[in-house]
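Below you'll find the structure, written out as structure tokens, and then a few comments.
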Amino acid sequence: MQDSQLKHSLLTRLLRYTQIYTTSDRKSQTTPSSPQQWDLLHLLRDEMTAMGLSDISLDQNGYLFATLPVNTDKSVPTLGLIAHVDTAPDFNGKNVKPQVIEQYDGSDILLKGSGDVLSPKDFPALNGLKTHTLVTTDGTSLLGADDKSGISIILSAVEYLQAHPEIPHGKIRIGFTVDEEIGRGADHFDVQAFGAEVAYTLDGGPLGELQYENFNADGATVTLFGRSVHPGTAKGKMINAWERACEFHSRLPAHLTPAESEQREGFIMLGGIDGGIDRTELHYILRSFSREELASFGEMLRSTMSEMQNVYGEHCGKVEITEQYRNMYEVLENHKYLIDIAQNVMQAQGIKPILEPIRGGTDGSRLSFMGLPCPNLFTGGENFHGKFEFISVDVMEQATQVVIGIAKAFTEYEF
């Protein structure tokens, strides 16, 4: 398979996958959280069957595994490659109509469905992608390159290795997960059944990203209780939980938000409000690279509630905090060879590695703590979770070559 064939394979896959509706649902208690994720899972199962992969399994929770068998006599750790099938519920994921821009010339891109413009003035990363083949949204949906680009890269890399048996590699396990975008991607992942000793997630962004550090993350639900009474006769009787929720949020420091933070700064983000006069819930996410700072954010919410209880009584509200994921660096610092191998492969291919912490999380962050060390690799996507999302197919091709290079490097590394 020549590079032109590889690029064609990547583009064809990406276009096919992004047009399948797979948005996950935070309010659902099922796994997968949305039935539409099964549509892509079944397509991928059939595709891998047609490719001749072995040990293909799709369990009741939507975890799809397969194997590319070893083709070398050398003893090599089993390598996992992981991506997720769901797309973020932050923006419309239905009726995705991808736009393909061949030989991008650096000008503004009209998103034909909405009339919006994807401009290098607003998104300077476009300036570095001239002559590339880009895929954008039409402005009415997200694209879903997060993480259907990762799926495309993994299967195209495997297809390339099948077509080039002269490239040695160990046993490779492929894993496609569900519900990553709502923080549940590893909830039912069977590490033992997956059978890899180490893995990489293909869920990153710009060219060269190599990530082995991420936020510590908690979720918090703050509930304020009220009393609903007809507004015409409410004097001295009504307690409006909406108003108390607004008061609670206004008591928090204004600077501790995503819009005011960068690099290694953490934040408290109000991500949703549900309820009515009787009861209102504020849904927060807490993020920090430090466990200590994360704990202080939780304590800040509790102390703010205590302040309100001092005014309105101890039954006016409550705070519940749930652990989501932790910084995978705590695990990966003992498996630095995964980073060394990926860095060396990138550098050999003329790619400058970008070792920056993830201001977010991946399945790999939780899987690392479950016994599967799992750093994250770039895919080429930008502006995920919204209508200005786009991806370079040329960078996807480079990511695919990195995956192929890593598979080969595992047979050369002295473990």
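Observations
- Scanning the stretch 159-180 for residues that are crowded, with 24+ Cβ neighbours inside 10 Å and part of a helix (DSSP H, G or I) turns up just one, Glu180.
- Total residues in the stretch 273-284 satisfying the condition of being hydrophobic (A, V, I, L, M, F, W, C), open to solvent by 50 Å² or more (accessible area, probe 1.4 Å) and assigned to a strand (DSSP E or B): the figure is 1.
- Selection count, the stretch 117-140, where residues are among the hydrophobic types (A, V, I, L, M, F, W, C), open to solvent by 30 Å² or more (accessible area, probe 1.4 Å) and in a helix (DSSP H, G or I): 1
- Condition met for Leu207 (outside any helix (DSSP H, G or I) and either among the aromatic types (Phe, Trp, Tyr) or open to solvent by 30 Å² or more (accessible area, probe 1.4 Å) (or both)): yes
- So Ala259, is it open to solvent by 40 Å² or more (accessible area, probe 1.4 Å), at pLDDT below 95 and part of a helix (DSSP H, G or I): yes
- Looking across Ser57, Ser9, Ser4, Ser24, one residue alone is over 28 Å from Thr78 (Cβ atoms) and surrounded by 13 or more Cβ atoms within 10 Å (Cβ to Cβ). It is Ser24.
- Residues of the stretch 286-299 satisfying the condition of being touching a strand residue (DSSP E or B) at 6+ places or on another chain (Cβ under 7 Å) and open to solvent by 50 Å² or more (accessible area, probe 1.4 Å): Arg291
- Scanning the stretch 360-415 for residues that are assigned to a helix (DSSP H, G or I), open to solvent by 10 Å² or more (accessible area, probe 1.4 Å) and polar (S, T, N, Q), we see that the one that is farthest from Asp73 (Cα to Cα) is Gln398.
- Cβ separations smaller than 8 Å between residues 6+ apart or across chains give no pair from the stretch 121-147 residues that are without any contact (Cβ under 8 Å) to a residue 24 or more places away in the chain to residues that are among the polar types (S, T, N, Q) and open to solvent by 40 Å² or more (accessible area, probe 1.4 Å).
- Picking from residues in the stretch 300-356 that are surrounded by 14 or more Cβ atoms within 10 Å (Cβ to Cβ), of a type in the set (Ser, Thr, Tyr) and within 30 Å of Glu209 (Cβ to Cβ), the one that is farthest from the chain's Cα centre (by Cα) is Tyr337.
- If the condition is being farther than 20 Å from Val395 by Cα and small (Gly, Ala, Ser), then the stretch 333-382 contributes Gly360, Gly361, Gly364, Ser365, Ser368, Gly371.
- Flag for Ser57 being part of a strand (DSSP E or B), closer than 24 Å to Ala199 by Cβ, of a type outside the set (Phe, Trp, Tyr) and in contact (Cβ under 8 Å) with a residue 60 or more places away in the chain: yes
- Flag if Asn383 is of a type in the set (S, T, N, Q), out of contact with any helix residue (DSSP H, G or I) (no Cβ under 7 Å at 6 or more places or on another chain) and over 30 Å from Asp138 (Cα atoms): no
- Residue pairs whose Cβ atoms lie under 6 Å apart, separated by 6 or more positions or on different chains, with the first residue in the stretch 29-49 and within 19 Å of Ala186 (Cα to Cα) and the second of a type outside the set (Phe, Trp, Tyr) and open to solvent by 70 Å² or more (accessible area, probe 1.4 Å), are Thr31/His188.
- All positions within the stretch 60-91 that are open to solvent by 60 Å² or more (accessible area, probe 1.4 Å), farther than 20 Å from Ile341 by Cα and either in contact (Cβ under 8 Å) with a residue 60 or more places away in the chain or among the aliphatic types (A, V, I, L, M) (or both): Pro69, Asp90, Phe91
- For Thr221, the stated conditions hold: it is open to solvent by 20 Å² or more (accessible area, probe 1.4 Å) and under 27 Å from the mean Cα position of the chain (by Cα).
- Out of Ser114, Ser228, Ser152, sole residue that is buried (at least 24 other Cβ atoms within 10 Å of the Cβ), in contact (Cβ under 8 Å) with a residue 12 or more places away in the chain and polar (S, T, N, Q): Ser152
- Leu143 vs. criteria open to solvent by less than 70 Å² (accessible area, probe 1.4 Å), in a loop (DSSP other than H, G, I, E, B), more than 13 Å from Val178 (Cβ to Cβ) and hydrophobic (A, V, I, L, M, F, W, C): yes
- Scanning the stretch 31-54 for residues that are open to solvent by 10 Å² or more (accessible area, probe 1.4 Å) and in a loop (DSSP other than H, G, I, E, B), we see that the one that is nearest to Thr362 (Cα to Cα) is Thr31.
- Residues in the stretch 265-299 that are closer than 26 Å to Val229 by Cα and within 21 Å of the chain's Cα centre (by Cα): Gly272, His283.
- Residue check for Ala186: touching a strand residue (DSSP E or B) at 6+ places or on another chain (Cβ under 8 Å) and in a loop (DSSP other than H, G, I, E, B): yes
The values are calculated or read from the model by the stated rules, or taken from the named source; none is laboratory data. No experiment lies behind these values; they were computed from the predicted model shown. All Cβ positions, glycine included, derive from the backbone under ideal geometry; neighbour counts span all protein chains shown. Just so you know, the surface numbers come from the protein's heavy atoms only, side chains and all, with ligands and any DNA or RNA stripped out. Shrake-Rupley method; radii C 1.70, N 1.55, O 1.52, S 1.80 Å.
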